[in-house]
């Protein structure tokens, strides 16, 4: 199957919440992602790790701190405080609706004033079998941009509002600073060019609006 990059693109991430008005207000105040992030009502039961992490990649540490600051001011909980690491600088926060957010940069020092610019918005799926889920997406027309064996896969979604990557479930949870245990609904849908389908880990795609 050959799919154009436009068809493979992700237009928006849709989060599901029992209180979509409150969740929308939080995300507007915390991150300002506009229509790329949407919220709709759902009472689907869920507990623990939902199997995904949303990531904002930014240019420098002060920008990480800025987003962590607005998120916590809007009632997010800090899961992993902002700190330097071998890879750069980053933090993980949990939104009031339970969604985990990683805000990170590969830079370890600021090169200018803090900004509110987001370089990349990434959906990281924590999956049970990386190779199997990778093959599912290949069979549905996506192509791989980066791959590190059965550990990590990043797909080519050129022109997409959101990047898509796969990580082992336990590794994704560990990176986010939470237990890998969890059950129930993901409370997440992916709006994009692949149409209506569900991947091997139960993540649902639906046609872009």
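For the reader, a short list of remarks on this structure follows.
- Added length on full extension, which subtracts the Cα-Cα distance from 0.36 nm per residue, residue 28 to residue 73: 15.0 nm
- By average C-beta atoms within 10 angstrom, highest first, the peptides 117-124, 63-70: 63-70, 117-124
- Taking 0.36 nm per residue of separation and subtracting the current Cα-Cα distance, fully stretching the chain between residue 179 and residue 147 would add 9.0 nm.
- Helical runs (DSSP H, four residues minimum) scored at -39500 (n - 2.57) apiece and divided by the length of the chain put the mean residue ellipticity at 222 nm at -6500 deg cm²/dmol.
- Top of 81, 96, 113 by mean-square fluctuation, Gaussian network on the chain, Cα under 10 Å: 113
- Antiparallel %, DSSP beta bridges [both residues in the chain], to 5: 65 percent
- Additional length obtainable on full extension of the chain from residue 86 to residue 115, 0.36 nm per residue less Cα span: 8.1 nm
Only the coordinates and a few stated rules stand behind these numbers; no lab work does. Owing to the predicted nature of the structure, the values given are computational and were not obtained by experimental measurement. Note: ideal-geometry Cβ built from the backbone for every residue, glycine included; neighbour counts use all protein chains shown.
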